[in-house]
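What follows is a set of notes on a single structure, which appears directly below.
The values are calculated or read from the model by the stated rules, or taken from the named source; none is laboratory data. Worth saying up front: this structure is predicted, and the values here are computed from it rather than measured. Heads up, the Cβs are rebuilt from the backbone with ideal geometry, glycines too, and the neighbour counts pull from every protein chain shown. Accessible surface is based on the protein model in full, side chains and every heavy atom, while ligands, DNA and RNA are left aside. Shrake-Rupley method; radii C 1.70, N 1.55, O 1.52, S 1.80 Å.
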Amino acid sequence: MSNLEQTLSIIKPDAVERNLSEEIKQEFKNKGFIILKEKKIKLEKDEAEKFYQVHQTKPFYNDLCSYLSSGPIIVMILEKENAVLENRKLMGATDPEKAEEGTIRKKFGISIDKNSVHGSDSQDNAKIEIDFFFKD
Ligand code: CMP
């Protein structure tokens, strides 16, 4: 049965500043994702705090929000069958050192913080995250 989904993807500051955005977008397209919408933006720290509020009790929350707001990012709505899970597979494990060969984080990630991409972790969060960036 068809299960066309949308998910939110972010190309993080480490990848944008190394000019990897086009190469990363091509990775998504090669796997059959359609980029429905995209924009390049720079978040303020308080906006990053709101975006990552699910992590607010974590010890890495402050560094994470400083990092996401440290430079331009590209936010995208990706569409594909089972997009949430398929995007998580394509990104690989959060820590690039643990990510499988062929995944985006393995190829481009520098560290667990500078792991090049973010992707929604569930359909519910995909809706929330898409609204966060594209509700206007
Ligand atoms: P992301 O998918 O954007 O979601 C939250 C981010 O927190 C994660 O990618 C990592 O870049 C970052 N992070 C930093 N430290 C950790 C950690 N110990 N465990 C999980 N995520 C971490």
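Descriptive notes on the structure:
- Residue list for the stretch 16-60, filter: among the aliphatic types (A, V, I, L, M) and either touching a Lys or Arg at 6+ places or on another chain (Cβ under 8 Å) or open to solvent by 30 Å² or more (accessible area, probe 1.4 Å) (or both): V16, I34, I35, L36, I41, V54
- Residue selected from the stretch 101-126 under the condition farther than 26 Å from P59 by Cα and surrounded by fewer than 15 Cβ atoms within 10 Å (Cβ to Cβ), by the criterion farthest from the chain's Cα centre (by Cα): E101
- Hey, K50 basic (K, R) and in contact (Cβ under 8 Å) with a residue 24 or more places away in the chain or not: yes
- Segments classed as strands (runs of 3 or more DSSP E), wholly inside the stretch 14-125, with at least 1 members that are near the ligand (Cβ under 10 Å from one of its atoms): 117-119
- Any chance D131 is closer than 28 Å to S2 by Cα and either out of contact with any Ser or Thr (no Cβ under 8 Å at 6 or more places or on another chain) or not aliphatic (A, V, I, L, M) (or both): yes
- Residues of the stretch 108-125 satisfying the condition of being among the small types (G, A, S) and closer than 16 Å to C65 by Cα: S111, S116, G119
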